[in-house]
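> Below is a structure I'd like to ask you about.
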Amino acid sequence: MKTLVIIAHPNLTTSVINKAWKERLILEDGITVHDLYEKYPDGANDVAYEQQLLLDHDRIVFQFPFYWYSSPALLKEWQDTVLTYGWAYGSEGTKLHGKEFMLAISTGGPAEAYQAGGYNQYSMSELTKPFQATANLTGMRFLPAFTKQGVRFLTDEQVHESAEELVRHLKQTY
Ligand SMILES: Cc1cc2nc3c(=O)[nH]c(=O)nc-3n(C[C@H](O)[C@H](O)[C@H](O)COP(=O)(O)O)c2cc1C
């Protein structure tokens, strides 16, 4: 099982949790860490390179901080340019069929805010429907997401532990 973790954080130098996750994942055999904002500081994707990376892995993970109930912009740009018709979808677009797909998301809001009646009203499962639909359209199996919520209030120890939890979550069989 080869896992590709595509990280989209516009400023990892000021990040706490996504930086800790990246630094931990880099140490892990069988996991390729791919930092989009580091590779493409000017925004444009190398589509052929990105598609080859996807082909070379079995489990694809999007790791990002939740921004406006979705991902930072470069990951959307990546989806728009890399997941092309005839390659990722359409009658002949079968290149991702049979792969597994997973999200790893940090949120500022606490878990209890993400429910009906809570501050953000909707659950993470509801808010990530576009990613679920994308996995469905491209023939990938959507696996349970890893979420760490209320991240502003975590201690260093909790940040460290969440990185270990992430590794276990990514390596698990579903
Ligand atoms: C532009 C922007 C939008 C954000 N939108 C949300 C949001 O919709 N929901 C939420 O819970 N947190 C939101 N946050 C908080 C981030 O999710 C939080 O700061 C991030 O997960 C922390 O990760 P880091 O330590 O790796 O930067 C937002 C932060 C920024 C800068």
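The values are calculated or read from the model by the stated rules, or taken from the named source; none is laboratory data. Keep in mind that what you see is a predicted model, and the values were worked out from it rather than measured. Here the Cβ is made from the backbone with ideal geometry for all residues, glycine too, and neighbour counts use every protein chain on show. Areas reflect the complete protein model, heavy atoms only, side chains present, ligands, DNA and RNA absent. Shrake-Rupley method; radii C 1.70, N 1.55, O 1.52, S 1.80 Å.
> With the condition kept exactly as written, say whether any residue in segment 24-45 is among the acidic types (D, E), over 24 Å from F146 (Cβ atoms) and either touching an Asp or Glu at 6+ places or on another chain (Cβ under 7 Å) or without any contact (Cβ under 8 Å) to a residue 60 or more places away in the chain (or both).
Checking segment 24-45: at least one residue is among the acidic types (D, E), over 24 Å from F146 (Cβ atoms) and either touching an Asp or Glu at 6+ places or on another chain (Cβ under 7 Å) or without any contact (Cβ under 8 Å) to a residue 60 or more places away in the chain (or both).
One line per residue, one yes/no per condition, for (1) among the charged types (D, E, K, R); (2) surrounded by 14 or more Cβ atoms within 10 Å (Cβ to Cβ); (3) in a strand (DSSP E or B):
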site	(1), (2), (3)
T14	no, no, no
T32	no, yes, yes
E50	yes, yes, no
H57	no, yes, no
Q79	no, yes, no
W87	no, yes, no
K95	yes, yes, no
M102	no, yes, yes
Q115	no, yes, no
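> Suppose the filter is in a helix (DSSP H, G or I), crowded, with 17+ Cβ neighbours inside 10 Å and within 16 Å of the ligand (Cβ to nearest atom); does F131 pass it?
Criteria met by F131.
> Can you go through W68, W78 and tell me which one is within 24 Å of S125 (Cβ to Cβ) and within 13 Å of the ligand (Cβ to nearest atom)?
Exactly one of W68, W78 is within 24 Å of S125 (Cβ to Cβ) and within 13 Å of the ligand (Cβ to nearest atom), namely W68.
> Now for a separate question. Give just the number: which of (1) of a type in the set (S, T, Y); (2) open to solvent by less than 40 Å² (accessible area, probe 1.4 Å); (3) farther than 15 Å from N18 by Cα does S125 not satisfy?
Condition (2) is where S125 drops out.
> Right, another one. Output the residues belonging to segment 34-65 that are away from the ligand (no atom under 16 Å from the Cβ) and closer than 29 Å to G109 by Cα.
H34, K39, Y40, P41, G43, R59, I60
> Answer yes if at least one residue in segment 106-126 is in contact with a Leu (Cβ under 7 Å, 6 or more places away or on another chain) and within 14 Å of the ligand (Cβ to nearest atom), and no otherwise.
no
> Looking only at segment 134-153, count every residue that is touching a Leu at 6+ places or on another chain (Cβ under 6 Å) and part of a strand (DSSP E or B) and tell me the total.
Total meeting the criteria: 1.
> On to the next question. Which one of the conditions (1) within 14 Å of the ligand (Cβ to nearest atom); (2) touching a residue at least 12 places away in the same chain (Cβ under 8 Å); (3) assigned to a loop (DSSP other than H, G, I, E, B) does M1 fail to meet, given that it meets all the rest?
Condition (1) is where M1 drops out.
> Looking only at segment 2-24, which residues are closer than 25 Å to A44 by Cβ and either among the acidic types (D, E) or touching a helix residue (DSSP H, G or I) at 6+ places or on another chain (Cβ under 7 Å) (or both)?
L4, V5, I6, I7, A8, H9, P10, L12
> Further question: Out of segment 102-124, which residues are small (G, A, S) and over 13 Å from Q149 (Cβ atoms)?
A116, G117
> Among the residues of segment 126-152, how many are in contact (Cβ under 8 Å) with a residue 12 or more places away in the chain and either more than 15 Å from I60 (Cβ to Cβ) or among the acidic types (D, E) (or both)?
Counting residues in segment 126-152 that are in contact (Cβ under 8 Å) with a residue 12 or more places away in the chain and either more than 15 Å from I60 (Cβ to Cβ) or among the acidic types (D, E) (or both) gives 8.
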